[in-house]
């Protein structure tokens, strides 16, 4: 909807493209700060981009 | 500075350090390589600040943090176990009966053995760090590609 490539988004929010890819694939859970930056980039609420899933709560605890 | 230029500079510094290392062995002056190593790390930190491309973010920082923490958690156990053994050698004094058992001087490692000992610890630390780094890099999708 924004015609943004992963590289463009990564540049815009100050992370590497690999981080965008890892977030998309669910390998990395972004910090609240990064999550807000991503949602602000798309001008939407944070809940529109990220959903809280209790079944995956244990992914990043260790 | 572009990140490739930075990596090239790091490679050159590593080669220079290797040359200085062998030189310091030739002249038998550890001070040369010790000083060069500290200067090299300082230079790398300095030129890293000049890189304009994004080479580190919160995910890479997390990989580094987790790998460092796990390395520390394993390494300190091994290091303390070996150190306790060494301290025991220094503190060992037969107390009873003093006349019957001659008091031996503590067995202290010679400089050469100490070098091997340090080399072993250094290699252990490097292997642990690299291993944990690879593990966490895979976990946080460092080498993932777009293809499913």
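The values are calculated or read from the model by the stated rules, or taken from the named source; none is laboratory data. Computed from a prediction, not measured in an experiment: that's the story for all the values here. All Cβ positions, even for glycine, are placed from backbone atoms using ideal geometry, and neighbour counts span all protein chains on display.
Quick rundown of the values:
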{"quantity": "Options B:53, B:57; residue that is crowded, with 16+ Cβ neighbours inside 10 Å, free of Cβ contacts under 8 Å to residues at least 60 places away in the same chain and closer than 30 Å to residue A:6 by Cα", "calculated": "B:57"}
{"quantity": "Subset tally (residues that are within 7 Å of another protein chain (Cβ to nearest Cβ) and either out of contact with any helix residue (DSSP H, G or I) (no Cβ under 8 Å at 6 or more places or on another chain) or over 15 Å from residue B:143 (Cβ atoms) (or both)) for the stretch A:11-27", "calculated": "3"}
{"quantity": "Condition broken by residue B:42, with the remaining ones in (1) surrounded by 13 or more Cβ atoms within 10 Å (Cβ to Cβ); (2) within 19 Å of the chain's Cα centre (by Cα) satisfied", "calculated": "(1)"}
{"quantity": "Some residue of the stretch B:70-83 being more than 14 Å from every other protein chain (Cβ to nearest Cβ) and modelled with pLDDT under 90", "calculated": "yes"}
